[in-house]
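One structure is given below, encoded as structure tokens.
The values are calculated or read from the model by the stated rules, or taken from the named source; none is laboratory data. It should be emphasised that the depicted structure is a prediction, and the values quoted were computed from it without experimental measurement. Every residue, glycine among them, receives a Cβ derived from its backbone with ideal geometry; neighbour counts consider all protein chains shown. Quick note on the areas: whole protein, heavy atoms, side chains included, nothing else; ligands and nucleic acids left out. Shrake-Rupley method; radii C 1.70, N 1.55, O 1.52, S 1.80 Å.
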Amino acid sequence: MVRLVAFLVGLFFSGMLLLGLGDTVIKAIQEPEQPTAEHEFHETPLAVSFAHDGPFGKFDRGQLQRGLKVYSEVCAACHSLNLVAFRDFGALGYNEEQVKALAKAWKTEVPSINPETGEAATRPAIPADKIPSPFANEVAARAANNNALPPDLSLITKARADGTAYVYSLLMGYRNQAGYKNAEGKELLKEFPEAATSPGLHFNPWFANLNIAMANPIAGDDQVTYDDGTKATKEQMAKDVSAFLAWTAEPKMENRKSAGWAALGFLIIFTVLAWMSYRTIWADKKH
């Protein structure tokens, strides 16, 4: 009796599942999903290459230093870099004194406590400090950015698909929405008039929902002056800061690649030795 009841209960639930599945399939056929502006006009990352790409790629130290320059003078006003310390910049080719100078000259000072009064205060950074956030807290960050929270950039290239190319494309991707057409020749506002960018937002088809709260941070050439004399074009600045953020996300990438090739070489040698040993030990044996 118990088995019969269990069988009937299982049969009932199985029937309900099949009924629900059938209803879903019928609705999907009768009412197919309608295309959205995000689906039709969201662009894939632009084709761009970096020195660190590929299994043999290495970071270009000059490019990383230029990228740090762009970050410190353009991006640091809104975006934090909480997982990076000033002393880490030694890996970019700076010596100890230069790292100290970079930390001391940083525009945002480090939160501290006045030892005499016990009140909150700030002090110049030292190499051991992490890069200070430009805002005291999330509330202050949202208040300064039209209620949008600027993301921390420490791992941004790892947190996005096609990370480095995504950052580069986003920086280069601000467009005038009026008359914008996709690769198929469709015009956005004619196809989706409801997708018009709201006040306080900016149209960028490389952003997931096409509208981003961040104004174009690199609006033109020569926003920074590179120490090595490189011409600071918009494309150059976008590429340099993208490479720099790739380094902040994976500063040990070169070590990882070297270790990988060493491990692969060991496995190849071990395989050859194992095969030779096999041939020697079993050379006079019938298989």
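Distance between the modelled labels on Ala128 and Ser198, one decimal in nanometres: 4.6 nm (7 Å Cα→Cβ projection).
Quick one: if the Förster radius is 25 Å, what FRET efficiency do Asp162 and Ala215 give, using the C-beta to C-beta distance and rounding to 0.05? Intermediate results must be reported in sequence, preceding the final value.
Details: r = 23 Å, r/R0 = 0.93.
It comes to 0.60.
Extension gain, Leu4-Thr36: 0.36 nm per intervening residue step, less the Cα-Cα distance, totals 6.5 nm. The computed volume of the Cα convex hull per residue in Å³ for the structure shown corresponds, within (1) 212; (2) 138; (3) 370, to (3). The residues neighbouring Asp53, those whose beta-carbon lies less than 13 Å from its own, together hold a net charge of -1 under the Lys/Arg +1, Asp/Glu -1 convention. Taking each residue as 0.36 nm, the span from Leu267 to Thr117 lengthens on full extension beyond its C-alpha to C-alpha distance by 47.7 nm.
The residue list Ala47, Ala76, Leu273 was ranked by how far each Cα lies along the charge dipole of the chain toward its positive end, using unit charges on Cβ atoms, and Leu273 comes out on top. Between the amide H of Asn211 and those of Asn204, distances stay under 5 Å, these residues lying 5 or more places away or on another chain, with hydrogens modeled in the peptide plane.
Applying a length cut-off of 24 Å (Cα extent along the axis) and a mean Kyte-Doolittle floor of 1.6 to the DSSP H helices of the chain leaves 2-30. Averaged per residue, the chain has 63 square angstrom of accessible surface, using a 1.4 angstrom probe with ligands and nucleic acids left out.
The distance between label points at Asn145 and Lys190 comes to 3.6 nm (points 7 Å beyond Cα on the Cα→Cβ vector). Averaging sequence separations of C-alpha pairs under 8 Å and six or more residues apart, then dividing by the length of the range 157-274, give the relative contact order as a whole percent. This gives 23 percent for the range 157-274.
For the range 107-123, putting each phi into the Karplus relation 6.51 cos²θ - 1.76 cosθ + 1.60 with θ = phi - 60° gives couplings of 5, 9, 7, 8, x, 8, 10, 5, x, 7, 10, x, 8, 5, 8, 10, 8 Hz, in residue order, rounded to whole numbers and with x for Gly and Pro.
Would you mind telling me the share, in percent, of accessible area of the chain contributed by carbon and sulfur at probe 1.4 angstrom?
Whole-percent figure for carbon plus sulfur exposure: 60.
For Lys181, the lysines whose Cα comes closer than 26 Å to its Cα, not counting residues fewer than 8 places off in the same chain, are Lys190, Lys234, Lys239.
For the chain, what relative contact order do you get, as a whole percent, if you take Cα pairs closer than 8 Å and at least 6 residues apart?
23
Applying both filters, DSSP loop and at most 14 other Cβ atoms within 10 Å, to the GluC sites (Glu not before Pro) of the range 146-241 gives Glu184. Distant-in-sequence amide contacts of Ala121, defined by a placed amide H-H separation under 5 Å and a gap of 5 or more residues or a different chain, comprise Ser112, Ile113, Asn114.
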